[in-house]
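**Q** I have a structure I would like to understand better, so I am pasting it below and will then ask my questions one at a time.
Bear in mind these aren't lab numbers, they're just calculated from the coordinates by the rules spelled out. Owing to the predicted nature of the structure, the values given are computational and were not obtained by experimental measurement. As a convention, Cβ positions derive from the backbone with ideal geometry for all residues, glycine included, and neighbour counts pool all protein chains shown.
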Amino acid sequence: MQINKTGDDRVLTFIDQIQQIVLTMIRLVMYIAPIGVFCLLAPLAGDVGFSVITTALKYLGTTALGVAILFALFVVVVTARTRLNPWKLPGKLVEQTAIAITTTSSAVTFPTVLKNTVEKVGVSQKVANFTLSIGLTMGSYGAVLNYMIVVMFLAQAGGVDLTLGDIALGMALAILLNMGTITVPGGFPVVATFLATSLDLPLEAVGLLIAVDWFAGIFRTFLNVNGDTFVAMLVANADDDIDRDVYNGTKTVMSEEIDVSEFAGAMAKADAAD
């Protein structure tokens, strides 16, 4: 049995056009989202005054603290497993961290992460190519952490006492939603709203979170990007494929020039998690 190729092309073209329509609608919603956020925040600010700013700062501070704790744990665990000097590792991540926090984009940072993981950390090229390309879309540690903080924030804002079951459900939803919305541009409002409705949390405070999400995205991207390097180190160490001389700075290697188009799909998906 043969399938007509022209028919196949028509089906694929139709599906692609539907996808473009949906993405255009999403972009349109995101363009007018600031107006909606303003409308959501206006009555809230009128009721509570400048305390809303304090609340937003507490949310961002909690996110930053959580990211810092996880980063420190990553460094300790990874260097303990690989038996490398932990004091040298943060310095090797400075370049990719600077790009990550200024662009809030894992995709933009990816070429630098790949280059530094090979040339500064000592992970072999084949391990770096494999683990970092997967981590680009699935290793969104900062996003999952941020979603759990959103759950706790919304619960406190609404005076809701979460049970252990609610917290466990929130964790599961944070992981699943991170993977499920990774191709959705500006996926945070979708995730925050779904978490709120799923756990019977107040929706009013979601507007405040959306308003400051760009700042939270800095912390998410920081952990997303550097977490991928940590995982690559663990994988390379398990295969005895990490060059300790490169890590210690006594040997120089050059990473391969990457074809950006080869990772275009993963890079396009990654930014939704930042």
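**Q** Quick one: THR197, THR62, fewest Cβ neighbours within 10 Å first, how do they rank?
**A** On the way: THR197 11, THR62 16.
So the residues, fewest neighbours to most, are THR197, THR62.
**Q** Which of the trypsin sites (Lys or Arg not before Pro) found in region 213-257 are loop residues per DSSP with 16 or fewer other Cβ atoms within 10 Å of their Cβ?
**A** Numbers: sites: ARG220, ARG244, LYS251; in loops: LYS251.
Here the sparse-neighbourhood loop sites are LYS251.
**Q** Same structure, new question: Order of LYS120, LYS126 from fewest to most other C-beta atoms within 10 Å?
**A** Numbers: LYS120 22, LYS126 13.
Ranked by crowding around the Cβ, least crowded first: LYS126, LYS120.
**Q** Take the Cα coordinates of region 120-160, assign each an equal point scatterer, and use the Debye formula without solvent to give log10 I(q)/I(0) at q = 0.14, 0.15 Å⁻¹.
**A** Log10 of I(q)/I(0), two decimals: -0.51, -0.54.
**Q** Of THR13, THR109, how do they rank once you tally other Cβ atoms within 10 Å and put the fewest first? Before the final figure, lay out the partial values.
**A** Numbers: THR13 10, THR109 30.
Going from sparsest to densest Cβ surroundings: THR13, THR109.
**Q** Taking only the Cα atoms of region 126-232, how large is their convex hull per residue, in Å³? Before the final figure, lay out each step's value.
**A** Details: hull volume 10.1 nm³, N = 107.
Enclosed volume per residue, from the Cα hull, is 95 Å³.
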